[in-house]
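The values are calculated or read from the model by the stated rules, or taken from the named source; none is laboratory data. On a predicted model such as this, the values are computed, not experimentally measured, just so you know. Cβ sites come from the backbone with ideal geometry, for glycine too, and all protein chains shown count toward neighbours. Side chains included, ligands, DNA and RNA excluded: accessible areas come from the protein's heavy atoms. Shrake-Rupley method; radii C 1.70, N 1.55, O 1.52, S 1.80 Å.
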Amino acid sequence: MKVSLQISCDLENIAALSPVGEDFRWYLKFKCQSCGDKSEKWQYITQEESVPLKGGRGSANLVIKCKLCGRENSAVLLLRQKER
Ligand SMILES: [Zn+2]
């Protein structure tokens, strides 16, 4: 499942708005894909971190184990900057 995050803002005297570096931390709130439990706190995802997935399914930038149902949720950050 791909979730897109769109940001729009009015900028004055700024040509572009973009994350700087692979260690840029996106703080987001996540929801378990199995039971729907929502995280109370902000958790960050960054391209810099890579966690191997169980069963040789590659790797993800974030792996969270749900406290309620125990499912491991994973997320990969895909960045694309839209030019104005
Ligand atoms: Zn869950």
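Numbers below:
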{"quantity": "So residue 73, is it in contact with a strand residue (DSSP E or B) (Cβ under 8 Å, 6 or more places away or on another chain) and either touching a residue at least 24 places away in the same chain (Cβ under 8 Å) or of a type in the set (A, V, I, L, M, F, W, C) (or both)", "calculated": "yes"}
{"quantity": "Filter result (open to solvent by 80 Å² or more (accessible area, probe 1.4 Å), part of a loop (DSSP other than H, G, I, E, B) and either touching a residue at least 60 places away in the same chain (Cβ under 8 Å) or charged (D, E, K, R) (or both)) within segment 34-44", "calculated": "40, 41"}
{"quantity": "Enumeration of residues in segment 51-71 that are part of a loop (DSSP other than H, G, I, E, B), closer than 26 Å to residue 20 by Cα and at pLDDT below 95", "calculated": "58"}
{"quantity": "Residue satisfying condition, being within 16 Å of the ligand (Cβ to nearest atom), within 15 Å of the chain's Cα centre (by Cα) and open to solvent by 70 Å² or more (accessible area, probe 1.4 Å), within set 67, 31", "calculated": "31"}
{"quantity": "Among the residues listed as 18, 74, 8, the single one being part of a loop (DSSP other than H, G, I, E, B) and either open to solvent by 90 Å² or more (accessible area, probe 1.4 Å) or within 16 Å of the ligand (Cβ to nearest atom) (or both)", "calculated": "8"}
{"quantity": "So residue 51, is it open to solvent by 90 Å² or more (accessible area, probe 1.4 Å) and among the aliphatic types (A, V, I, L, M)", "calculated": "no"}
